[in-house]
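Scroll down for the structure; my scribbles are underneath it.
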Amino acid sequence: MSEASPGPGSARSPGRRAAGVDPQVAHQAAPRPRQLLGIRFRIFLTLAVLAAALLLGLAVLIEVQARRALEDELDRRLRAVGGAAVSLIGPSLVPGLLALTPAHESFRLYQERRQSLIQLRDRTGVRRIFLADPSGRSFVDTDTRITIGVPLPQLRSDRPEVQRALAGGAAAGPLYTDEGGEFRKTGYVPIDTGGKVIALVGVEADAEFLQALRALRRRLALAGAGAVLLAFLLAAVAARGLTRPLDRLVDWSRGLGRGDLSVAVPVTGGDEIGLLARTLEQMRVEIEARDREQRAMVAGVAHEIRNPLGGIRLYAELLQGDASLNDGQRRRLEKILRELDHMGAVVDQFLLYARPANPIPQALDVAHEVEELADLLRGLAEGRQVALDAPVRAARAQCDPTHLRQVLHNLVRNAIEASPPGGAVRISVGAGDAAADPPECEIAVEDSGPGIPEAVRERLFEPFFTTKTAGAGLGLAIVQRLVLLNRGRIRVDRGETGGARFVLTLPAA
């Protein structure tokens, strides 16, 4: 449909600006539910991930601290057992013990000291106790596999700790695994005689606390899994609580998008959302009041004009019956009557815009309605040498039948008038957005005119806006209001041939 020549009384601009409907997005009733769910999901995900991260971090911290504390306790135990072993061996006897060879294993001194270390090992529950010289050779060992003077590979691997012990301080090596896969730890205590470290005692023990740590880790994992599930549940509840007021505002905005200003904004809570709702409610009340004032003013002006017009027409018709009029006077009188008819149509549009009838939705056969309208306007199309094509398919919409006929009549008539001779107007019917809930019915009216410029399209449904020399500019404003009253929406875009394409979307029956 061409904007250069819209239909009579047509106003191509965004409608109901005074009623608070954004002209650019009036056909978009409200954000779809998935957008709100997206906000809810992001809030839920943020809270849940934060809670899970905190719980995971807490579990790791507990395990690390427990491992460190237990390992420190094991170090103290090794040093204590090592100190007791030094007392049992006797520092004064150590030089003699370091002079022994494998041939001296039957000596009483060696046997007594070895037996004392075995008894200490059994009482304290450690795995092994040994006496070694600074070069790393064992001279008294509770391990029966180790003979006198045998080098100990473990002391080479624990060289830093051995060096600290030889320097005069007790030390403990790192945890390691033996050939059986068990965790162990060795502590070293120096033996000092005359201010010089001549040997050291090694105490080896199982890291039994690691078994407890494994059990603790399992318990933490189970508790963490339960806590994460609880955190997700609480996050879902919190997210729902945060977005529930937004749900109500979105539901209300859908009604506003349909042009319904009678429903109050749901105001809940004293937070920012509640403040937003109260501000919107104040805006709604003010817009509704201005809308009523505007419609009352338009209706009052229309009535004030209609009464004089009726009197003028009456006198003009009486004058038309005067036999004394010549042909020129009769032609001028007929022109006056035609202008009166045009003015009466404009007044009717004012009244229809000011007080549109409340819709009575019915399940309509859209194909039948379009076919009847095409038959009605085919004569107009043929007179302007425009082809009217209506290849509709079966579809049903929930709509007021009178409103639908008014809307389609205005759109198709405008399309015919916008198309040049030899052009075509096409009416098509189909389904709307497949993801819409509830389902939709879509009716498109496309002309072969020059199209509607972007600058004009921005004001397309605005009341009293028109590019025509005649008309009040209310045609498309009325179209949009009727569409919104029937819970539908309308938009305009560029057709395949470059003309205007109006798309009417209604709830499917």
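None of the figures in this text is laboratory data; all of them are computed from the coordinates on show. These numbers were taken from a predicted model, which means no experiment stands behind them. Here Cβ is always computed from backbone atoms with ideal geometry, including for glycine, and neighbour counts include all displayed protein chains.
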(message) Using the basic label-point model (7 angstrom from Cα toward the beta carbon), what is the Ser324 to Asp143 distance in nanometres?
(response) 14.5 nm
(message) Run the numbers for Met297 and Phe183: contour at 0.36 nm per residue of separation, minus the present Cα-Cα distance, in nm.
(response) 31.7 nm
(request) List the extent of the Cα atoms of the range 131-270 along each of their three principal axes, largest first, rounded to whole Å. (result) 102, 33, 20
(request) Report the label-to-label distance for Asp365 and Val237 in nanometres (one decimal), using points 7 Å from each Cα along the Cα→Cβ vector. (result) 5.6 nm
(message) Give me Ile118, Ile360, Ile273 sorted ascending by neighbouring Cβ count inside 10 Å, so fewest comes first.
(response) Ile360, Ile118, Ile273
(message) Quick check for me: using +1 on Lys/Arg Cβ and -1 on Asp/Glu Cβ, what's the dipole size of the range 30-257 about its Cα centre, in debye to the nearest 20?
(response) 1300 debye
(message) If the only charges are +1 at each Lys and Arg Cβ and -1 at each Asp and Glu Cβ, what is the size of the charge dipole of the range 153-296 around the Cα centre, to the nearest 20 debye?
(response) 180 debye
(message) Using only the Cα atoms of the range 300-507, what are the Rg and Dmax in Å?
(response) 19.6, 71
(request) Give, to the nearest whole percent, the P(r) tail of the range 118-177 beyond 18 angstrom, counting all Cα pairs. (result) 41 percent
